[in-house]
Structure formats: C-alpha cells, structure tokens
C-alpha cells in the first residue's frame, strides 16, 4: 500500500509550444490525447486519481503574452489566461471596479494554491462548484478563444455543457476573459457555504450582482449565479426576470429567492444533500439580494 | 516519456537537472537534490506540507511540475536560515513551542515567511487566513499563530 494519500503523476509528455498557433495545431492533431494546461491544479488531481490519462499536457501559460491583466477605461478589464488568482486579488483595478472578482478568488483553496490557480483554468475545468465562475457570469464575461482558425469570442453564459464539459473544440485555447465596464452603482456579493469558513469546496455558492437600470420596470437589474446545485454553473433566469419586473422589496426578494431554489437541480454528495442544497439556495439568495439591494440603495 | 534539462536556483545554489515530464518540483527537491525538509503530505494541494517559495511566492510543490521551474528560483525550509542564523520566524516557532510532530512545520514556516514578506504586520485574522493551506494534525495552530504574531510585532 502506498503511504501517500495520492499516488505520483502517471507518465506523460510535457509540451511547451512556441506560439498559440503551434499549441492549437498540436492540440487539434492530438485530439483526445492532449490537454491544454494552465496551473494544473485540477488536472494533476484528476491524473493522480486515475480519472484522466492524457499522453500530452500542453502548457499554454503566457503564450504570446497571455499573462496580462489590463484595464482600459473604454473597453473594461481583460484578464489573461495565465494571470493567477492572487494577482487578480491584489490588482487595484480589480479591487476598485470589480471587487466581486477579488472576493470570489479569495474563497478559493489557499494562498499557495492560488499562486498556481487561474480564473480561466477554473472556467475551463467547468466544475459546477467553480468558485470564480459565478462572478464571471454576472459580470458579463466574454472569453477570447484561440483555435486552429484563429481567434473568436465566446460569451461565458453559453460556454458550459455539463460537469467538466464545455463547447470548446480540439485545438481551442482560452487566452483571456474580458469584462465590460461595470454599470454605475453596482454591488456584488459571493456567499459561499462550505464545511469550513475557508478553503473547502462549496456546498452551495450564490453570487448576486445588482445595479440601477432605467430600462427595467423595477428600475433595477439583478444578476444571480448558483454554484454546486446543477450540472453547470446556473443562472436562474426566472428569478432575475422577476426582480426586473416587480417593485424591489422584502416580498419580491423572497419570491425571487424561491424561484432561484426552484430552478436548481442539486444532487446528494459527501458535502450535502440535494434537499439541504435547495434550502440553502433559497436562504443565501435572499440574503445576497438583501445585501446587494441595501448597498445599491446606499450608493444611489 | 520525455526528459527535460532544467536549470534552477535552489536556496541560492544553481542546479542543473534532467527531469521527466511528470516529475513534480517536490519530487525533484526530495529525490534529486536530497532536500527532504519539504514534506509530501497529501500530494493533492491541500495540506501545504510541501510549500516552497517559487520566485518569491509560495506554491504547493506537489502541484508544480519541475520542468515548469526551468530558470526559476526556489527557496525551501533549508534555505530560510542564513549565515548560521535562523530566520526570525524559525526562532519564534521555537520560542512559542509551535512544533509537535514537525511534519507541517516546513510548510508553515515558508507560508509564514511569505506572509511577513508581503505584509510585515498582519492581524491575527490575516495570519489565520494566510495559513489556511497549512494543515497541522497535532492541532497546534494557536502556538503557530502566536509565533507569527511575535515576529509581526517585533519590527
């Protein structure tokens, strides 16, 4: 019996391409046996546990300068795929304009793991529990994807197909995520329920974002994303629509939280039962909406 | 299986190694360089016993490939002391009795050193958050936190 909780990594070939085009071509030519890699924090765990058997890991960190974090006052924020979560957290632009991203990163694992972990990797791993995905969804993230035919854009909202499954094709490499300028008066919260305060995977994660919007009947727009309660990171559209159509107050928030709970389809697992998860979605969505509503009002 | 020749600085000494693709930084340190101060606890990025500084930032060396460290600078627990003197955090851990079995200690020291480098005067809450990725089975957290506080308040 091995003394180690997890065995060593199986044999594979580490590939460090010279450019994104070389990387896309290699990945396309070796579809099914090659995988793009950033920090590797999810990949190594799966390979050690015998779930993944890739022959090639293609290191796409920082290829062609994809390790930049840049804010443009007209275009918004661009986070390169190679930007680790600790860098996101200490960025003054993130802290002042997109603090929700910093809060989401802070909830992930530990400082030393976040030196390796990236937001783009968290997204591509496509776990329904991905802690930073909710913030990226409510902030309107758009992915830059490099494939064998060059670049294209993919809105994050249509990216996920199931646990670990995305619409990426062989040869595709996500090189960055971009966020539009945040709307005036916005506030966001990420409420993560774990078995302990820090570092664990979520039992339920609720991201709520809101801002005044004259085009909504209620005068406000709320965005909600739910983690660990469906096969994909979930946007409860009915709850969002309800909040845009009805005068915001205690009762509307309560009804929207119920809609959010109804929209999810959690499973039982070691971290919590489906029934408990659904109840917690209702409570945390209500709590998140109340917090955001209070803060949006204070700013107005 | 492909091998890669890498050059890295470990505790100030330049090393050239031939490493297979799947060799982690942790394996390279322990098995190639005999630097066994860095421990293998969980091999999954959870316990922090393998924490080292990579280009000044703490990483789980079990979650980092050696080949990725070509050209990098690594500091392990063996490199904390210099010129015959312990690092202040090592002195403080001894003073406070922040060691029981000692298995988590190398990682705790590295994470604490990194915290004090980026934030010389952390609050207790900041210390506890920074050490979230360093598990101690002996439940000696209070004395570990006291040791970091001792260094934080001494300058």
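Annotations
- Among A:54, A:269, A:238, the largest mean-square fluctuation in a Gaussian network model of chain A (Cα springs under 10 Å) belongs to A:269.
- Taking chain A as a Gaussian network of alpha-carbon nodes connected by springs under 10 Å, the highest mean-square fluctuation of the residues A:212, A:73, A:17 belongs to A:73.
- Spatial separation of Cα centroids for the range B:1-58 and the range A:78-112, in angstrom: 26
- Relative contact order [Cα under 8 Å, 6+ residues apart], chain A, whole percent: 15
- Size of the range A:168-300 from its Cα atoms: along the principal axes, largest to smallest, the extents are 41, 39, 27 Å.
- Potential lengthening of the chain between residue A:295 and residue A:268 amounts to 6.3 nm, from the contour at 0.36 nm per residue minus the alpha-carbon distance.
- Likely footprinting exposure, A:120, A:142, fewest C-beta neighbours within 10 Å first: A:142, A:120
- Taking other Cβ atoms within 10 Å as a rough exposure proxy, A:52, A:293 sort from fewest to most as A:52, A:293.
- B:36, B:76, A:96 arranged by Cβ crowding within 10 Å, fewest neighbours leading: A:96, B:36, B:76
- For chain B, built as a Gaussian network whose Cα springs stay under 10 Å, the top-fluctuating residue of B:114, B:34, B:66: B:34
- Note on the range A:107-220: Cα-only Rg and Dmax are 15.7, 46 Å.
- Scattering profile of the range B:88-153 at q = 0.18, 0.23, 0.29 Å⁻¹ [log10 I(q)/I(0), Debye over alpha-carbon scatterers]: -0.52, -0.89, -1.51
- Here, P(r) means the percent of Cα pairs in each 10 Å bin from 0 to the largest distance; for the range A:9-180 it is 10, 41, 37, 11, 1.
- Geometric extent, Cα atoms of the range A:222-300 - Rg, Dmax (angstrom): 12.8, 43
- Counting Cβ atoms of other protein chains within 10 Å of each residue's Cβ and taking the mean over peptide B:20-29 gives 3.
- Using the Cβ-Cβ distance between residue A:152 and residue B:101 with R0 set to 41 Å, the FRET efficiency from 1/(1 + (r/R0)^6) comes to roughly 0.15.
- Once the chain from residue A:251 to residue A:93 is taken as fully extended at 0.36 nm per residue, the excess over their C-alpha distance is 53.3 nm.
- Cα-Cα separations in the range B:3-79 greater than 20 Å, expressed as whole percent: 17
- Its Kirkwood hydrodynamic radius, worked out from the mean inverse distance over all distinct Cα pairs, puts the protein assembly as shown at 23.2 Å.
- Shielding by other protein chains, A:9-18, mean Cβ within 10 Å: 5
- Average partner coverage of B:61-70, which counts Cβ from other chains inside 10 Å: 5
- Chain B, Rg to Rh (Cα coordinates; Rh as Kirkwood inverse mean 1/r): 0.98
- Cα-Cα pairs of the range A:118-173 separated by more than 15 Å (percent): 44
Throughout, read-outs are computed from the coordinates displayed, never taken from laboratory work. The structure presented is a predicted model; accordingly, all values stated were derived computationally and were not measured. Ideal geometry is used to build each Cβ from the backbone, glycine not excepted, and the neighbour counts take in all protein chains shown.
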